[in-house]
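The values are calculated or read from the model by the stated rules, or taken from the named source; none is laboratory data. None of the values given here were measured: they were computed from a predicted structure. Here the Cβ positions follow ideal geometry from the backbone for every residue, glycine too, while neighbour counts run over all protein chains shown.
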Amino acid sequence: MPRKLAAGNWKMNGTRDSLTEISALFDAAGGAAEVLICPPATLIQAAASAAQGVMIGAQDCHTEDKGAHTGDLSAPMLKDAGASHIITGHSERRADHGETDAVVRAKTEAVWAAGLVAILCIGETLEEREAGKTLDVLAEQMAGSVPDGVTGDQLVIAYEPVWAIGTGKVPNTDQIAEVHEFMRKKLTDRFGQAVADDVRLLYGGSVKASNAAEIFAVADVDGALVGGASLKAADFGPIVKALNASA
């Protein structure tokens, strides 16, 4: 089985002074699980140079590897800066930048073409959850966002219910289990059991030290994509240790 993964998404937070938080994760990162931090693009090169036992990723990329796209960064550029992973399809990109499933799929393919690992995010809004449409929404996002030719060493899927991101609200363990079992089945139906078993499924949305162990005990949860709680080693370290304990 692939190693479990604790991934931190710093979003639009952090300056060079914040790099000490990555260094402070050294002890927690020494266990069975892999640890990844995705800082702002301005910090990727410095973080990759300073990190010990922690992988460094990026939060987004362009669909093309070069060209007249002012302000954008390509997957090969991010790889050159030291990134090993790139997040695609985060709900904030989908909502704030209008990224469709087709765009997310193209970005994921660009990540693979650069030889990197894509962490592809899917998730429903509160309105969709309350309307009983969660699995329908996730099925549509997976069908439209996940490219063909998946292998477990190039794709991670993160379930991030939009209504739980940064709100303190967390689905109960039965709801998380239902979604992760559903995602695994969708992968199995499309790519076969062997591939489905190799694709790590992360949960994201208000993960913190106090609920991490309970979440990691859920079947088919292979780690977490953590937002605010990943900004400080004092907060993220206990989450990593909880994942190590579950591995």
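Quick rundown of the values:
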| item | result |
| --- | --- |
| Checking residue 16 against (1) among the charged types (D, E, K, R); (2) in contact with a helix residue (DSSP H, G or I) (Cβ under 7 Å, 6 or more places away or on another chain); (3) surrounded by fewer than 20 Cβ atoms within 10 Å (Cβ to Cβ); (4) under 27 Å from residue 222 (Cα atoms), the condition it does not meet | (4) |
| Inter-residue pairs, beta-carbon under 6 Å, first closer than 15 Å to residue 103 by Cα and in segment 52-70, second surrounded by fewer than 15 Cβ atoms within 10 Å (Cβ to Cβ), 6+ apart | 62/69; 62/72 |
| Segment 49-72, residues that are among the aliphatic types (A, V, I, L, M), in contact with a helix residue (DSSP H, G or I) (Cβ under 6 Å, 6 or more places away or on another chain) and either outside any loop (DSSP other than H, G, I, E, B) or over 20 Å from residue 240 (Cα atoms) (or both) | 50, 56, 58 |
| Any pair with Cβ under 7 angstrom, 6 or more apart, that starts in segment 176-193 at a residue that is without any contact (Cβ under 8 Å) to a residue 12 or more places away in the chain and ends at one that is in a helix (DSSP H, G or I) and buried (at least 17 other Cβ atoms within 10 Å of the Cβ) | 188/196 |
| Filtered residues of segment 124-159 (kept if among the small types (Gly, Ala, Ser) and touching a His at 6+ places or on another chain (Cβ under 9 Å)) | 158 |
| Members of segment 116-147 that are under 19 Å from the mean Cα position of the chain (by Cα) and acidic (Asp, Glu) | 124, 140 |
| Subset of segment 6-32 that is part of a loop (DSSP other than H, G, I, E, B) and at pLDDT 95 or above - its residue that is farthest from residue 87 (Cα to Cα) | 15 |
| Any hit, segment 37-44, residues being assigned to a loop (DSSP other than H, G, I, E, B), out of contact with any strand residue (DSSP E or B) (no Cβ under 6 Å at 6 or more places or on another chain) and within 21 Å of residue 231 (Cα to Cα) | yes |
| Residue in segment 87-106 that is of a type outside the set (S, T, N, Q), touching a His at 6+ places or on another chain (Cβ under 7 Å) and buried (at least 20 other Cβ atoms within 10 Å of the Cβ) present | no |
| Selection count, segment 107-136, where residues are among the aliphatic types (A, V, I, L, M), surrounded by fewer than 18 Cβ atoms within 10 Å (Cβ to Cβ) and in a helix (DSSP H, G or I) | 3 |
